[in-house]
Structure formats: structure tokens, C-alpha cells
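Down below is the structure, laid out as C-alpha cells.
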Amino acid sequence: MMKIEYQNIGVTLGGKTILSGISLTAEPGKITGIVGPNGCGKSTLLKTTLGIYPRDSGDILLNGTSLSQISGAERARLYGYVGQENNSIFDFSAYEVVSMAVHKKRTNRRNKENDIVMSALEQVGIVHLKDRNIKNLSGGERKLVFIARAFAQEVDTILLDEPTNHLDIKHQLFILDTLKQSRKTILIVLHDLRLAAHYCDTLYLMDQGNVHSFGSPKEVLSKQKVRQVFDVEGAVSDKGEGALDFDLKMG
């Protein structure tokens, strides 16, 4: 299990400060959620882990080791990533897309690779799509393929940026249930506060490139904080037996 620590991360893009002194920890085996308004820097933070956006300041530690000391190849063996972008310009089948994530050094037998790919497809319920061209799938179906690809990496840690986008409610709940049951270290950006309240062990609420607050969903999604950051009336409610929901008041 891996622990990810973001320490005082600063990012400037096009002369504009996107992140300013962000510190955040994803605990091993837990689901750590990041929520906040559009444009507050949630996706940018995840992309610093991939090296897509350079950091002006701060460091990222993976189990205490600086990301700068870990090669790109080794990072791919440590964590998976599912982004918002699901487009593919290549004519690959869903099976082929998922198979690209299998670490060849871990398995040198084709039947073993097939087992990994089929298991990943089964985990997200899309075995029936395995021979379909990725370009001919719906946005939601492509999202499921890329989630399966992350599972096929056989890593203990997955970073996800709005993984429920384009999915109907049934598949949203199915994917988040699967992530919860996996006991992996999950760092996830979500825009749906009800899903964040229900599934996340810890939440970080971001606003304007900073961490506004963090803690349990009940602590973070309080009436006062939701009003301050989102300018709406809402708060976490306890449904009993440890089940949390988010009630949004309209009008």
C-alpha cells in the first residue's frame, strides 16, 4: 500500500497561479477525495503527479520517496491514472486498450496476460465490449475501458479525475463500490458531493488554488463551508449505520 504526500505544491501556468502551497495526503488503503468548484485546481494537482504540469515549488512523496527520484517506468508500476479525457485516435479494441497496461516484465506468458485483461474487464462489467472498437463506444463505455486499463496495471494505488463523468447512475455506483471494495489507495476528484460524502474516507475541499479545509466528509461538507465555497445551501446528513448523504437545498 502506498502513501502519497503533496507538500506545499505550487503551479503557475501562463503567468497565472493555479495552485498555491497545496498540502494533501492520500492514506494507504483509503479513498481520499478532492472536491471544489470548477477551476479551483483539482485536476492540475493530479497532473503534477504525472509530470504533465511542472511544479514551481513543493514536492510529492511516494511512501516517503520524492517523485523526482522515481523513474517514469517505475511510476507506472506504482500507480494508475484515469483522466477526464477518454478520446482515442487509434483503432484499437477495448481488449487491446486494456492489454496495453499489463506490465510485460511481470508476466511473460500470453495466457497470463489474457487472464489479467479479462479479469479487469470483468471487474468493471464490460467483457461484452472487449472486441468493440474504442472509437465506436459511447463516452461512458470508453470511461469504463480506461478504468479497466488502470485495474490491469495491478497497482495498489489509482488516481482518478472525475471517473463518474458520462456514466449513468447505475455505473457510477458500481464503479465507486468496486473502488471501495478494492482496498487500494484511491485519490479521486469528484464533482458530485453526494458521492463524495458517501464513498470518501477523507475529503479535501479546494477553492481558488488552495486547500480550504480537510477532514471527514461530515466535517468538510458542513453547511457553513459549503455556503462559503459553493455559494449554495447544503450539508452532509447522517442516514444511520455510518451511511452519509449530502442534502442540497434548492431555492
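The values are calculated or read from the model by the stated rules, or taken from the named source; none is laboratory data. What you see is a predicted model; the values in this text were computed from it and never measured. Reconstructed Cβ throughout: ideal geometry from the backbone, glycine too, with neighbour counts over all protein chains shown.
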Q.
Need pairs with beta-carbon distance below 6 Å; first residue more than 19 Å from Gln224 (Cβ to Cβ) and within the stretch 237-251, second in a strand (DSSP E or B) and at pLDDT 70 or above; sequence gap 6+ or separate chains.
A. Lys239/Asp245
Q) Tally time: how many residues in the stretch 119-164 are more than 30 Å from Thr25 (Cα to Cα), surrounded by fewer than 21 Cβ atoms within 10 Å (Cβ to Cβ) and touching a strand residue (DSSP E or B) at 6+ places or on another chain (Cβ under 9 Å)? A) 4
Q) Would you call Gln224 within 30 Å of Asp56 (Cβ to Cβ), more than 15 Å from the chain's Cα centre (by Cα), part of a helix (DSSP H, G or I) and without any contact (Cβ under 8 Å) to a residue 24 or more places away in the chain? A) no
Q: Grab the strands (runs of 3 or more DSSP E) fully contained in the stretch 1-44, keeping just those with 3 or more residues being buried (at least 23 other Cβ atoms within 10 Å of the Cβ).
A: 16-26, 31-35
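Every residue, every condition in (1) closer than 30 Å to Thr48 by Cβ; (2) at pLDDT 95 or above; (3) of a type outside the set (A, V, I, L, M, F, W, C); (4) in a loop (DSSP other than H, G, I, E, B), yes or no:
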{"residue": "Tyr81", "(1), (2), (3), (4)": "yes, no, yes, no"}
{"residue": "Gln84", "(1), (2), (3), (4)": "yes, no, yes, yes"}
{"residue": "Asn87", "(1), (2), (3), (4)": "yes, no, yes, yes"}
{"residue": "Tyr95", "(1), (2), (3), (4)": "no, yes, yes, no"}
{"residue": "His103", "(1), (2), (3), (4)": "yes, no, yes, yes"}
{"residue": "Arg106", "(1), (2), (3), (4)": "yes, no, yes, yes"}
{"residue": "Asp115", "(1), (2), (3), (4)": "no, no, yes, no"}
{"residue": "Gly140", "(1), (2), (3), (4)": "yes, no, yes, no"}
Q. What number goes with the only condition from (1) farther than 18 Å from Tyr6 by Cα; (2) crowded, with 18+ Cβ neighbours inside 10 Å; (3) of a type in the set (A, V, I, L, M) that Leu203 does not pass?
A. (1)
Q: Those residues that are at pLDDT 95 or above and not β-branched (Val, Ile, Thr), I need them from the stretch 178-194; list them, please.
A: Leu187, Leu190
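Take the stretch 46-83 and flag every residue that is under 20 Å from Gly33 (Cα atoms), out of contact with any Phe, Trp or Tyr (no Cβ under 7 Å at 6 or more places or on another chain) and in contact (Cβ under 8 Å) with a residue 60 or more places away in the chain. Can you show your working first?
The initial filter retains those residues of the stretch 46-83 that are under 20 Å from Gly33 (Cα atoms), namely 46-50, 59-63, 78-83.
Checking the rest, the ones that are also out of contact with any Phe, Trp or Tyr (no Cβ under 7 Å at 6 or more places or on another chain) come to 46, 48-49, 59, 61-63, 78-81, 83.
Result: Leu46, Thr49, Leu62, Asn63, Leu78, Tyr79, Gly80, Tyr81, Gly83.
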Q) If you go through the stretch 200-219, how many residues are closer than 23 Å to Asn8 by Cα, in a helix (DSSP H, G or I) and touching a strand residue (DSSP E or B) at 6+ places or on another chain (Cβ under 7 Å)? A) 1
Q | Filter pass, Ala197 being within 15 Å of Leu46 (Cβ to Cβ) and assigned to a helix (DSSP H, G or I) | A | no
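Is it the case that some residue within the stretch 202-210 is free of Cβ contacts under 8 Å to residues at least 60 places away in the same chain and not basic (Lys, Arg)? Steps first, please.
First, the residues of the stretch 202-210 that are free of Cβ contacts under 8 Å to residues at least 60 places away in the same chain: none.
Looking through the stretch 202-210, none of the residues is free of Cβ contacts under 8 Å to residues at least 60 places away in the same chain and not basic (Lys, Arg).
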